[in-house]
Amino acid sequence: MSLSDHIDKNRLPEHIAIIMDGNGRWAQLHGEMRIFGHQNGVSAVRATTEACAELGVRFLTLYAFSTENWARPQHEVDALMELLVETIRKEMGTLVENRIRLRAIGNISSLPAKCQRELAEAIHDTHHHKGLTLILALNYSSRWELTEVMKKLALNVQDGLLSVSDITETTIAEALDTSDYPDPELMIRTSGEQRLSNYLLWQLAYAELYFTPVLWPDFDKEDLYQAIVDFQKRERRFGKTSEQVKVI
Ligand code: IPE
Ligand code: IPE
Ligand code: MG
């Protein structure tokens, strides 16, 4: 029996965000170079994406490369960029088959030209798909995103297009890279690390956090179902009391 049978399809998280972590440790366990772990992480991306599409989750955001990841050894960065191009190319079939719309958040214009081209093409070719929206966080970090938002809003104030008193939580949310998407209700991080690593700090304000020791290349559909089952057992109170939010 699959854990998916325990999922209430009427109470699915609309948006799931994942920190795909543990590729390096997975490779080390297998006596291989770190890049071997990244390569093997691709099957987990496919499995997770397919599972979300099949269940009817509307949005899935995957942290694929952080602004901090540039600090890794150059050969690992190069290999990751190459893997990104290759994966987008190879996985077009999965995107088309499952009617998945690809999008990206982050400082995309600072990625190597080849990555930008491949990404732009895949985003264009899938823009009409009505199934799951798969959002890749690439060269992304929350502090970078929030800094950009502040610059944008400050410029608008300076140019007289916006007054300070009109700045609300909505104004800020609409200036974020994620303005087209609802906030994630569930954030999953693999590999046992329990931190956010500069990921969606604004958007995860009220998300349920789920940490699993499973290393990303080993993460499969059942692991995703497990996270959703756990999510559905939680009581989301949003500041209220338990009595107030009890569904009778
Ligand atoms: C996550 O796995 C992938 C990226 C950050 C690109 P890691 O490469 O961080 O794996 P560990 O944490 O070193 O095991
Ligand atoms: C976060 O993982 C970034 C991605 C998964 C792309 P890291 O492995 O880079 O995070 P830290 O540095 O250990 O916090
Ligand atoms: Mg890591």
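Return yes or no: is Tyr181 assigned to a strand (DSSP E or B) and either under 30 Å from Val42 (Cα atoms) or among the basic types (Lys, Arg) (or both)?
no
Can you go through Phe36, Phe59 and tell me which one is in contact with a His (Cβ under 9 Å, 6 or more places away or on another chain) and either away from ligand 1 (no atom under 15 Å from the Cβ) or under 30 Å from Asn10 (Cβ atoms) (or both)?
Numbers: Phe36 fails: either away from ligand 1 (no atom under 15 Å from the Cβ) or under 30 Å from Asn10 (Cβ atoms) (or both).
It is Phe59.
Select from the range 197-248 the residues that are under 24 Å from His6 (Cα atoms) and of a type in the set (Lys, Arg) and list them in ascending order.
Hits for the range 197-248 are Lys221, Lys233, Arg234, Arg236, Arg237, Lys246.
Between a first residue in the range 129-142 that is assigned to a loop (DSSP other than H, G, I, E, B) and among the polar types (S, T, N, Q) and a second residue that is at pLDDT 95 or above and within 16 Å of ligand 1 (Cβ to nearest atom), which pairs have beta carbons less than 9 Å apart while being 6 or more apart in sequence or on different chains?
Taking only residues 6 or more apart or on different chains, the pairs are Ser141/Ser66; Ser141/Thr67; Ser141/Glu68; Ser141/Gly106; Ser141/Asn107; Ser141/Ser197; Ser141/Asn198; Ser141/Tyr199.
Which ones in the range 210-246 are among the hydrophobic types (A, V, I, L, M, F, W, C) and surrounded by 14 or more Cβ atoms within 10 Å (Cβ to Cβ)? Can you show your working first?
The first filter runs over the range 210-246 and keeps only residues among the hydrophobic types (A, V, I, L, M, F, W, C), leaving 211, 214-216, 219, 224, 227-229, 231, 238, 245.
Correct list: Phe211, Val214, Leu215, Trp216, Phe219, Leu224, Ala227, Ile228, Val229, Phe231.
How many residues, within the range 201-246, are of a type in the set (Lys, Arg), without any contact (Cβ under 8 Å) to a residue 60 or more places away in the chain and either part of a helix (DSSP H, G or I) or within 16 Å of ligand 1 (Cβ to nearest atom) (or both)?
Initially, the range 201-246 is screened for residues of a type in the set (Lys, Arg), giving 221, 233-234, 236-237, 240, 246.
Checking which are without any contact (Cβ under 8 Å) to a residue 60 or more places away in the chain leaves us with 233-234, 236-237, 240, 246.
If we keep only those that are either part of a helix (DSSP H, G or I) or within 16 Å of ligand 1 (Cβ to nearest atom) (or both) too, we end up with 233.
Count: 1.
Taking interchain pairs and intrachain pairs at least six residues apart, which have beta carbon atoms under 7 angstrom, with the first residue in the range 58-78 and under 15 Å from Gln203 (Cβ atoms) and the second near ligand 1 (Cβ under 9 Å from one of its atoms) and not hydroxyl-bearing (Ser, Thr, Tyr)?
Leu62/Met20; Tyr63/Ile19; Tyr63/Met20
The values are calculated or read from the model by the stated rules, or taken from the named source; none is laboratory data. Since we're looking at a predicted model, the values are computed, not measured. FYI the Cβ positions are ideal-geometry reconstructions off the backbone, even for glycines, and counts take in every protein chain you see.
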